[in-house]
Amino acid sequence: MSKNILLAVDAASHDPARHVLAAASMTRDLSRDSGDHVIVLHVHEFATGRFGRIQVDCGESEGEGVVEKVVSELQAEGVSAEGEIRETRLGHVAAAILHAAKDHDARLVVLGSSSRTDLPRVPLGSVASRLLHMATWPVLIVPRTDAHAEPVQASATAGADQG
C-alpha cells in the first residue's frame, strides 16, 4: 500500500534553489522505489501589524511557481505528485509543515537544507531545526549540493601514522 511523502519547498532565493532541487531529486528516488504519492508544499508566511498583513516569505506567486515546477518535473519522471499552498503566521512555518504532514498522513517529511551550518541561525532557529525538534515522525533533511564542493573522504592511513 502506498502512502504519502511531504516535500516542503521554499522560494527564498532562486527558482528553484539548489537545496530545493536536491530535496526534489531525493524525494523522486524515494517515491519511485516505494510508489508513494508526493505532496509538494510551500507555506506562505505572513506578518500582521500596524499596517496590515504582509507576506514575508517570497514575492508574489514565487512559491506557487516553484511548487508547479517541482510537481511537473516529478510527474514527468513518472511520480504521482500534487502541489499545495498553505499560509501561516511569521515564525510558524515548521508547525504548518507538520500540520500538513498530519493532514496527509505522510510517512516522511523531506526538506532541503539551504545553508552549510546552523551557526548564523542559532539565536532564531531555522525551519529545518524546528522540524527536527517538533516532529513525531521521520524528517529527512537533504543537504544542498554545490558544484564546487568535494565530499570529505577519510584517509586509510590517518591513524597509522600516529603512534
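When the accessible area of region 33-97 is split by element with a 1.4 Å probe, what percent falls to carbon and sulfur?
Answer for region 33-97 is 47 percent, counting heavy atoms of protein chains only.
Mind grabbing the base-10 log of I(q)/I(0) for region 1-106 at q = 0.13, 0.20 Å⁻¹? Debye formula, identical points on the C-alpha positions, no solvent, two decimal places.
-0.46, -1.00
Starting from the residue with the highest accessible area, list K102, K3 in decreasing order, probe 1.4 Å. Can you show the working numbers first?
Numbers: K102 150, K3 70 Å².
Ranked list, largest accessible area first: K102, K3.
Residue by residue through region 59-67, which ³J(HN,Hα) values in whole Hz follow from phi under the Karplus form 6.51 cos²θ - 1.76 cosθ + 1.60 (θ = phi - 60°), with glycine and proline marked x?
Values per residue, Gly and Pro as x: x, 3, 6, 5, x, 4, x, 5, 4 Hz.
The values are calculated or read from the model by the stated rules, or taken from the named source; none is laboratory data. If you're wondering where the values come from, they're calculated on a predicted model, not measured in any experiment. Only protein heavy atoms, including side chains, enter the accessible area calculation; ligands, DNA and RNA are left aside. Shrake-Rupley method; radii C 1.70, N 1.55, O 1.52, S 1.80 Å.
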